Each structure stands twice: as C-alpha cells, then as structure tokens.
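Just below is one structure, and these are the notes that go with it.
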Amino acid sequence: MTYLPASTRYDSMTYRRCGRSGLLLPAVSLGLWYNFGGVDSIENGRDMIHRAFDLGITHFDLANNYGPPPGSAEETFGRILAQDLAPYRDELVISSKAGYLMWPGPYGEWGSRKYLVASLDQSLERMGLDYVDIFYSHRPDPNTPLEETMGALDFIVRSGRALYAGISTYSPEQTRQAAGILRSLGTPCLIHQPRYNMFDRWIEDGLLNALADEGIGCIAFSPLDQGILTDKYLRDIPDGSRAEKLSGRFNWGDTVSAARVATVRQLNKLAQARGQSMAQMAIAWVLRHSQMTSALIGASKVRQIEEAVPALDNLTFSEMELAQIESLL
Ligand code: NDP
C-alpha cells in the first residue's frame, strides 16, 4: 500500500538549531545502528521509519557499517526510501559516516581521504541517493593528519556528496582543532556526535564548552544507554532485548549490572514523580543542555519511538530534581 505521511507530522515535534547553522534538527532523531540490518525484518524497519516520520522525526542517522551485515542498514533504508519516502526527500535529513572497518586492506577504515570518499560513494549507492545531508568522520584517526581527514570532509561537501560535515567521538582538543581546519577551508563543522547518557557523562568535561565556543551542534547517541535507562531491565533480561541478543559482547554482563539496575530503579521513581517513563526522563535529561541539538535514539519496536517523542512535553528539571538525579548517579 502507498505510504502517506501523517498530515499532523509537524504539529508537535520540537526542532532545535544545530549550532550556529541554518539547519534545524528534531529534538529526537532515529538511528539505524541495530534492527535495520539484513538479519532483521524489513516490515518492522519500515513501520518504525513511517511512524518516526509521522511524529515529526525528520532526521535518520546511518553509517557505512550498520547492519549486520555491515552496509545492510543503508540498503534497507534505501529500499524504504525508494518505495515510500522518495517524494519527501527534501523533508529529510539523512546522515552517514565512515571510520570503522568496512573492507579489507589498508583503505577500508580510519580517516584517509582515500577511504572516506570511497566509503561515501558506496553508501550513496546502497541508499540510492545523490547526496547525504550530513557526512561524519566516525572516529579520529591517530595516524592520519587531521588536515587530511578534514580536507576530505571539505572535498566531500564541495563535490556535492554531502551538504554538511560532522565529526563523531572526537575529544574536546581534537574538536577545536578540527573545527579550526574546517573553518579555514570554508566548510564549517556542523555537528559533533558523542555518546552521552546518565551513565556516560564525558562530554561535560570540556566537550560541551568546546562546542559552544565553536558554534557546533551536538547530537547525543545512546541516550538510553542502549536500553538500560528504560524500565526494560528492572526485573530481568527479557528475551529478544539487546542485552540478551548481545550477551557476551560489549561486556553486557557488566553493563546490565545489579548496581546499575538498582540505580535505574531509583531513577524510575523520580521519573514517575515527573509524570514520565524512565526512557522519557533519560531523553529529557540529555536535552537539558542548551548546546544539545538532538537525542539520537535507537528502537526495535514502533512503540519505543512512540514513547520517546512525548519526552519533549516535559524538558524542564527543577534544581531539586537535578540534585536528586545527581545524588543517584
Ligand atoms: P539508545 O540508547 O536509544 O538504545 C536503543 C535501544 O534501547 C533500542 O534498540 C531498544 O533495545 C531499547 N529501547 C529503546 N526505547 C525503549 C523503551 N521505551 N523501553 C525499553 N527499551 C527501549 O540508542 P542506541 O544505542 O541504539 O544508539 C542510537 C543511535 O546512535 C544508533 O542507531 C546510531 O545511529 C547512533 N550511534 C552512533 C555511534 C557513533 O559512534 N557515532 C555509536 C553507536 C550508536 P531492544 O532491542 O532491547 O528493544
């Protein structure tokens, strides 16, 4: 059946300006790291993307390696785009990245111009796009001069393959340097994509200040700590959850630790007192910074997206609530 987006899609979403740029992003964006790969149900992926767009989520975040297998999330997204969303391309902000291993040999990862340009060309082909809106250097490369990586981003924008340039997981110092190089080349750094949530607060130690100084926007990935900052693990590790599927990888056993779950249990009571679910409070908490453009969530089900967006109805925290959260963390 032909997909028709909801006519109400712009009625309730909040859009925030990305740094000192002209681009507005939805305060909640959807990432396709998991659940959109070749191993996953395309119908479920399609339902999630439709629902997201119906709720005003205009920004979809991808990377060359999302899947599994690597590349397949871009293929899935390309199929959904071609079938349903092509008429709405100008209402969408689509991002991709390169930095992690994609193909064998010396040109298949990190930050050389050779790799970044080839990888983006492959991403465009997989998604059936002429250009992405944002292209990121996915991680800093200690062995490639920053001038080369930033020069590649500048070339990518000038060649029309991307409209804006971004960086991900760069330290405060690397961010200031990257921003300076990009500015001197005439392609400003639009956005930084760091990991940020109640259990991982590294960006408070210098990065947010750097972004404010440089006029760069910020989009926080894993605001729910991959699902731990929801009510999902309060009793056990449910079948089909990310922790159950990935047990053994990423130290999941440690991540969903008894201590962490005990903290989430306390945080959950605070969320309820605010009239929010745990997931909603975790998203609101990330968005409390003025530099924070968007919270970049993941989802395995439509209802998780439906739960995330109303977080925007209560973004204000009293001093007391913040102090209580602080004491629990
Ligand atoms: P989240 O922290 O939002 O975790 C999402 C997962 O949490 C879902 O897949 C789901 O897992 C669970 N979840 C979500 N909502 C709920 C809910 N209401 N109740 C219960 N469980 C819920 O984000 P991700 O870690 O998925 O990262 C988001 C995006 O960030 C990625 O898709 C990617 O685009 C980007 N990213 C960028 C990186 C980078 O290096 N730049 C690295 C990692 C991610 P379940 O399967 O258990 O249902």
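Determine whether Leu211 is without any contact (Cβ under 8 Å) to a residue 12 or more places away in the chain and either more than 16 Å from the chain's Cα centre (by Cα) or near the ligand (Cβ under 10 Å from one of its atoms) (or both). Working first, answer last.
Working: without any contact (Cβ under 8 Å) to a residue 12 or more places away in the chain: no; either more than 16 Å from the chain's Cα centre (by Cα) or near the ligand (Cβ under 10 Å from one of its atoms) (or both): yes.
In short, no.
Determine, yes or no, whether Gly206 is out of contact with any strand residue (DSSP E or B) (no Cβ under 8 Å at 6 or more places or on another chain), small (Gly, Ala, Ser), under 16 Å from Ser137 (Cα atoms) and surrounded by fewer than 16 Cβ atoms within 10 Å (Cβ to Cβ).
Details: out of contact with any strand residue (DSSP E or B) (no Cβ under 8 Å at 6 or more places or on another chain): yes; small (Gly, Ala, Ser): yes; under 16 Å from Ser137 (Cα atoms): no; surrounded by fewer than 16 Cβ atoms within 10 Å (Cβ to Cβ): yes.
When the stated conditions are applied, Gly206 does not pass them.
Taking into account only those residues within region 229-239 that are near the ligand (Cβ under 8 Å from one of its atoms) and in contact (Cβ under 8 Å) with a residue 12 or more places away in the chain, which is surrounded by the fewest Cβ atoms within 10 Å (Cβ to Cβ)?
Within region 229-239, the first condition is being near the ligand (Cβ under 8 Å from one of its atoms), and the residues that meet it are 229-232, 238.
Next, from what is left, pick out any that are in contact (Cβ under 8 Å) with a residue 12 or more places away in the chain: 229-231.
On the way: Leu229: 27, Thr230: 23, Asp231: 15.
Looking at the filtered set, the residue picked out is Asp231.
Can you list the helices (runs of 4 or more DSSP H) lying wholly within region 208-280 that have 1 or more residues being of a type in the set (Val, Ile, Thr) and either more than 16 Å from Ile297 (Cα to Cα) or at pLDDT below 85 (or both)?
Numbers: elements: 242-245, 252-255, 258-273.
Of the helices (runs of 4 or more DSSP H) lying wholly inside region 208-280, those with at least 1 residues that are of a type in the set (Val, Ile, Thr) and either more than 16 Å from Ile297 (Cα to Cα) or at pLDDT below 85 (or both) span 252-255, 258-273.
Return yes when Ile283 is near the ligand (Cβ under 10 Å from one of its atoms), in a loop (DSSP other than H, G, I, E, B) and among the β-branched types (Val, Ile, Thr) and no when it is not.
Numbers: near the ligand (Cβ under 10 Å from one of its atoms): yes; in a loop (DSSP other than H, G, I, E, B): no; among the β-branched types (Val, Ile, Thr): yes.
No; evaluated as a whole, the condition is false for this residue.
For the structure I just gave you, tell me whether Ala178 is touching a strand residue (DSSP E or B) at 6+ places or on another chain (Cβ under 7 Å), aliphatic (A, V, I, L, M) and at negative phi.
On the way: touching a strand residue (DSSP E or B) at 6+ places or on another chain (Cβ under 7 Å): yes; aliphatic (A, V, I, L, M): yes; at negative phi: yes.
Yes, satisfied.
All but one of (1) crowded, with 19+ Cβ neighbours inside 10 Å; (2) in contact (Cβ under 8 Å) with a residue 60 or more places away in the chain hold for Val256; which doesn't?
Status for Val256: all satisfied but (2).
Can you name the condition, by its number, that Tyr164 falls short on among (1) away from the ligand (no atom under 15 Å from the Cβ); (2) under 22 Å from Trp33 (Cβ atoms); (3) in a helix (DSSP H, G or I)?
Result: Tyr164 passes all but (3).
Just wondering, is there one or more residues in region 251-265 that are among the basic types (Lys, Arg) and within 12 Å of the ligand (Cβ to nearest atom)?
Quick first cut of region 251-265, residues among the basic types (Lys, Arg) only: 260, 265.
Those still in the list that are within 12 Å of the ligand (Cβ to nearest atom) too: none.
Within region 251-265, none of the residues are among the basic types (Lys, Arg) and within 12 Å of the ligand (Cβ to nearest atom).
In region 288-329, what residues are more than 10 Å from the ligand (Cβ to nearest atom) and among the basic types (Lys, Arg)?
Answer for region 288-329, where residues must be more than 10 Å from the ligand (Cβ to nearest atom) and among the basic types (Lys, Arg): just Arg288.
Matching residues to (1) surrounded by 20 or more Cβ atoms within 10 Å (Cβ to Cβ); (2) over 23 Å from Asn35 (Cβ atoms); (3) without any contact (Cβ under 8 Å) to a residue 60 or more places away in the chain:
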{"site": "His289", "(1), (2), (3)": "no, yes, no"}
{"site": "Arg303", "(1), (2), (3)": "no, no, yes"}
{"site": "Glu319", "(1), (2), (3)": "no, yes, yes"}
{"site": "Leu322", "(1), (2), (3)": "no, yes, yes"}
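Identify all residues within region 175-207 that are hydrophobic (A, V, I, L, M, F, W, C) and assigned to a loop (DSSP other than H, G, I, E, B); write none if there are none. Outline the logic, then answer.
Applying the first criterion (hydrophobic (A, V, I, L, M, F, W, C)) to region 175-207 yields 178-179, 181-182, 185, 189-191, 198-199, 202-203, 207.
Listed by number, the residues that qualify are Met198, Phe199.
Conditions (1) surrounded by fewer than 20 Cβ atoms within 10 Å (Cβ to Cβ); (2) within 19 Å of the chain's Cα centre (by Cα); (3) at positive phi, marked per residue:
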residue	(1), (2), (3)
Asn65	no, yes, no
Pro70	yes, yes, no
Phe77	no, yes, no
Ala82	yes, no, no
Ser96	no, yes, no
Gly108	yes, no, no
Lys114	yes, no, no
Gln122	yes, no, no
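The values are calculated or read from the model by the stated rules, or taken from the named source; none is laboratory data. Note that the coordinates shown come from a computational prediction; the quantities given were computed from them, not determined experimentally. No Cβ is skipped: glycine too gets one built from the backbone with ideal geometry, and neighbour counts run over all protein chains shown.
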